[in-house]
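A.B. asks: There's a structure below that I have some questions on.
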């Protein structure tokens with residue numbers, strides 16, 4: 001099947017680029033001597049997670065229990081759920097803990113107490129990582145605080161919990177606008193967990209896992225000394241944000257949305273990929289104020305120079321620069337849209353059409369919901 | 001089941017408010033003597049569409065062929081697909097035209113030619129509306145142009161097409177910041193199609209359908225003279241955008257997202273409803289610069305005063321005003337989030353939990369994809 005045939009809008013994954021992106025990050029991890037535990041929230045596809053591990057169901061990171069359950073059912077047996085577990089999700093998480101190695105994330109005493117109690121009642125010993133705030137200021141304990149040491153000790157002392165170590169995520173690296181600042185943030189990300197791990201070890205705790213990772217910091221780090229695993233996710237697809245911010249080249253971007261023109265005038269073309277098909281992520285506006293809601297590529301993947309200027313539910317509007325020859329874009333013409341944020345765009349689709357040599361060679365379903 | 005029990009995040013629909021919103025718009029249509037053809041893209045639920053028609057599968061508007069197919073399968077037999085049909089969707093649309101009354105939307109000669117040809121080949125006579133641009137400048141023909149009359153005539157002269165009339169959508173009413181400007185736009189919306197309908201009739205064409213409608217304009221119009229049907233959609237749920245813009249009261253908003261606290265510090269709470277569960281619609285920022293990505297309500301639906309300040313994939317961050325007492329929001333505490341744009345938020349969920357008297361009394365699945 002060529003790109004003229006599938007229904008639009010559809011999510012496309014370029015197999016060659018996907019393999020290359022996966023290989024590169026596997027080489028980064030091997031070179032640094034750390035475990036690669038990719039964050040599968042980016043693609044939500046067991047097929048792609050296997051590609052990230054050269055065909056095997058290796059260790060992965062998830063952002064929802066629905067992902068954990070579906071990947072477990074697809075053969076993945078070592079999963080870290082990298083969002084602080086809240087009491088309402090404990091019963092469901094423990095069900096899965098009986099089947100696979102599901103490592104949970106804690107960053108406060110309330111959830112730690114509830115989890116320890118529930119695990120002990122079920123005679124389980126649940127592997128736990130303490131989430132550390134390395135500067136993102138979303139979740140996590142302050143690495144320099146007395147509370148962080150206290151919480152680690154409390155977890156280690158709980159019969160229902162198995163304290164495995166520390167986890168952090170430098171989400172603030174997404175706001176960095178130069179390689180130098182990403183490199184600095186990667187340093188802070190590493191230091192936050194490595195130095196806390198050292199303090200905990202000095203206090204007699206065993207810290208097996210020291211986990212970091214975001215796609216920007218795993219592209220530009222200087223050192224991973226003391227780190228045991230990395231959890232990048234976006235790198236397998238990349239997107240307009242990552243390319244603008246220097247985490248990849250434009251030609252590394254592996255996920256696009258196939259779309260058809262529904263309307264053409266002198267001022268604009270309108271595509272059938274709107275806010276649902278693309279997501280309304282505002283992209284790299286800080287570096288590229290005219291980025292719009294995505295780049296319009298031709299079917300071969302080359303930039304047409306056009307940008308999605310406005311999104312409504314099922315319409316993607318493309319304002320045409322004055323004098324632009326839109327004769328190639330009559331109603332029914334097809335384009336590919338390079339999204340601003342591939343994780344959010346991918347989550348809008350129930351499957352990927354897998355593209356190789358200009359042909360659709362496979363369809364891979366995704367996991368949705370919570 | 002109370003709100004303490006369902007998994008989070010989940011989409012909630014308040015049944016009493018839904019019924020009241022549905023009743024009101026049905027009364028508006030009856031009062032104006034026009035057909036109500038609600039746009040079901042807002043909710044994508046056959047159950048809700050029946051409520052909009054007091055229990056019957058009445059006429060509806062859809063934004064995708066997937067919606068058309070699913071609603072047809074659920075008993076709806078009079079459906080208008082209100083996006084210009086593009087050549088790649090004709091075969092699929094004609095399959096459905098054999099089963100139900102599916103009215104298609106055209107706004108240019110290319111698609112009109114392709115549709116006429118395909119319909120004639122299948123010995124079908126497909127009902128068609130001409131989409132008119134009343135100022136939204138997205139799709140549609142210029143109502144005053146010679147081309148609009150020419151296209152209507154061409155459709156009317158095609159043996160495969162049944163020219164039914166005109167359709168327009170004042171999407172630009174969403175940008176209006178006062179009732180007066182919405183009223184003015186409602187007037188332009190009506191005039192654009194009514195005056196073109198008169199010109200076409202003067203030229204000997206029959207124009208049975210004159211269709212307008214957006215939730216803002218259907219709330220504030222002065223006259224619907226000459227209009228035969230209205231297609232509002234959002235009114236059944238409303239949202240923070242519509243309440244800020246005066247299309248409804250805050251207490252009319254019927255759709256919220258149930259969410260749990262996963263992290264609490266002095267500076268913020270973090271919820272398990274992120275960019276996927278809520279969508280990244282920026283909401284009524286023009287009128288309410290601090291609206292964030294949604295209002296945090298308590299479980300009874302009262303505003304806590306908190307706003308979603310930042311969204312990442314599965315995290316909704318709420319910056320706490322200094323001195324705010326967050327003791328009610330420990331990890332595991334539950335809140336409801338009133339979304340900025342209910343259509344986009346609803347599209348993120350596979351079902352609604354139906355809320356009545358503080359209890360979940362039903363679950364209604366939604367239709368997804370294209």
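Throughout, read-outs are computed from the coordinates displayed, never taken from laboratory work. Owing to the predicted nature of the structure, the values given are computational and were not obtained by experimental measurement. Positions of Cβ are backbone-derived with ideal geometry, glycine not excepted, and every protein chain shown enters the neighbour counts.
A.B. asks: Looking down the axis that turns B into A, which residue of B has the closest beta carbon, and how many Å out?
C.D. replies: B:280, 2
A.B. asks: Given 20 Å bins starting at zero, what is the percent of C-alpha pairs of the protein assembly as shown in each, up to the one with the largest pair distance?
C.D. replies: Result, from short to long distances: 17, 49, 28, 6, 0 percent.
A.B. asks: Averaging over every viewing direction, what projected area does the convex hull of the Cα atoms of the range B:4-155 cover, in nm²?
C.D. replies: Numbers: hull surface 46.7 nm².
Average projection, Cα convex hull of the range B:4-155: 11.7 nm².
A.B. asks: Which FRET efficiency value, to the nearest 0.05, do you get for residue B:266 and residue B:145 by plugging their Cβ-Cβ distance into 1/(1 + (r/R0)^6) with R0 = 60 Å?
C.D. replies: Working: r = 61 Å, r/R0 = 1.02.
Using R0 = 60 Å, I get an efficiency of 0.45.
A.B. asks: Once the Cβ-Cβ distance between residue A:23 and residue A:162 is put in as r, and R0 is 35 Å, what FRET efficiency do you end up with, to the nearest 0.05? Provide the component values of the computation, followed by the final result.
C.D. replies: On the way: r = 33 Å, r/R0 = 0.95.
The formula returns an efficiency of 0.60 here.
A.B. asks: Over chain B, what relative contact order in percent results from Cα pairs under 8 Å that are six or more residues apart? Let's see the in-between values first.
C.D. replies: On the way: 824 pairs, mean separation 72.6, N = 370.
Reported relative contact order: 20 percent.
A.B. asks: Using only alpha-carbon positions, what ratio does the radius of gyration of the range A:79-202 give when scaled by 2.2 N^0.38 Å? Could you put the intermediate results ahead of the total?
C.D. replies: On the way: Rg = 15.1 Å, N = 124, 2.2 N^0.38 = 13.7 Å.
Scaled against compact globular proteins, the figure is 1.10.
A.B. asks: If you wrap a convex hull around the C-alpha atoms of the range B:1-92 and split its volume per residue, what is the figure in Å³? Display every interim value, and only then the final one.
C.D. replies: Values: hull volume 12.1 nm³, N = 92.
So the per-residue Cα hull volume is 132 Å³.
A.B. asks: Mean shadow of the range B:121-278, computed from the convex hull of its alpha carbons, in nm²?
C.D. replies: Details: hull surface 53.1 nm².
That works out to 13.3 nm², a quarter of the Cα hull's surface.
A.B. asks: Let me ask something additional. Please work out the Cα center distance from the range B:225-285 to the range A:6-79, rounded to the nearest Å.
C.D. replies: Centre-to-centre (Cα) distance: 33 Å.
A.B. asks: Let me ask something else about it. Could you give the spread of the C-alpha atoms of the range B:185-252 along their three principal axes, from largest to smallest, in whole angstroms?
C.D. replies: 48, 17, 14
A.B. asks: Moving on. Return the calculated 222 nm mean residue ellipticity for the protein assembly as shown, to the nearest 500 deg cm²/dmol, obtained by summing -39500 (n - 2.57) across DSSP H runs with n ≥ 4 and dividing by the residue count. Please list the in-between numbers first.
C.D. replies: Working: 22 runs with 222 residues, N = 740.
For the protein assembly as shown, the value works out to -9000 deg cm²/dmol.
A.B. asks: For residue A:180, which inter-copy label distances result when the label point lies 7 Å beyond Cα on the Cα-to-Cβ vector, reported in nm to one decimal and in ascending order?
C.D. replies: So the label point of residue A:180 gives 5.3 nm to the other copies.
A.B. asks: Additional query: If we hang a label 7 Å off Cα along the beta carbon direction at residue B:75, how far is it from the matching labels on the other copies, in nm, shortest first?
C.D. replies: From this label point to the equivalent ones elsewhere in the assembly: 4.5 nm.
A.B. asks: For chain B, compute the orientation-averaged projected area of the C-alpha convex hull (one quarter of its surface), in nm².
C.D. replies: Numbers: hull surface 71.9 nm².
Mean orientational projected area (chain B, Cα hull): 18.0 nm².
A.B. asks: Going highest first, how would you order B:149-158, A:144-153, A:272-281, B:128-137 by mean Cβ packing within 10 Å? The partial results should precede the final answer.
C.D. replies: Details: B:149-158: 18.1, A:144-153: 15.8, A:272-281: 25.4, B:128-137: 23.7.
Result, highest mean first: A:272-281, B:128-137, B:149-158, A:144-153.
A.B. asks: A further question on this structure: Based on a Kirkwood Rh over C-alpha pairs, give the Stokes-Einstein translational diffusion coefficient of the range B:94-165 at 10 °C and viscosity 1.306 mPa s in µm²/s. Write out the running numbers ahead of the final one.
C.D. replies: Details: Rh = 12.3 Å.
For the chosen part, D equals 129 µm²/s.
A.B. asks: Please compute the average number of Cβ atoms from other chains found within 10 Å of each residue's Cβ in peptide B:304-317. Could you put the intermediate results ahead of the total?
C.D. replies: Working: counts 0, 0, 0, 0, 0, 0, 3, 2, 8, 11, 9, 6, 0, 3.
Partner Cβ neighbours, averaged per residue: 3.
A.B. asks: In the range B:219-306, how does Rg compare with the Kirkwood Rh, expressed as the Rg/Rh ratio over alpha carbon atoms?
C.D. replies: Details: Rg = 16.2 Å, Rh = 15.2 Å.
With Rh from the inverse mean 1/r over Cα pairs, Rg/Rh is 1.06.
A.B. asks: Across the range A:230-358, what fraction of all alpha-carbon pairs, as a whole percent, falls in each successive 10 Å bin from zero upward?
C.D. replies: It works out to 13, 47, 33, 6, 1, in whole percents.
A.B. asks: When each copy gets a label point 7 Å from Cα toward the beta-carbon at residue B:223, what are the spacings between them in nm, shortest first?
C.D. replies: Relative to the other copies, residue B:223 has label-point distances of 7.9 nm.
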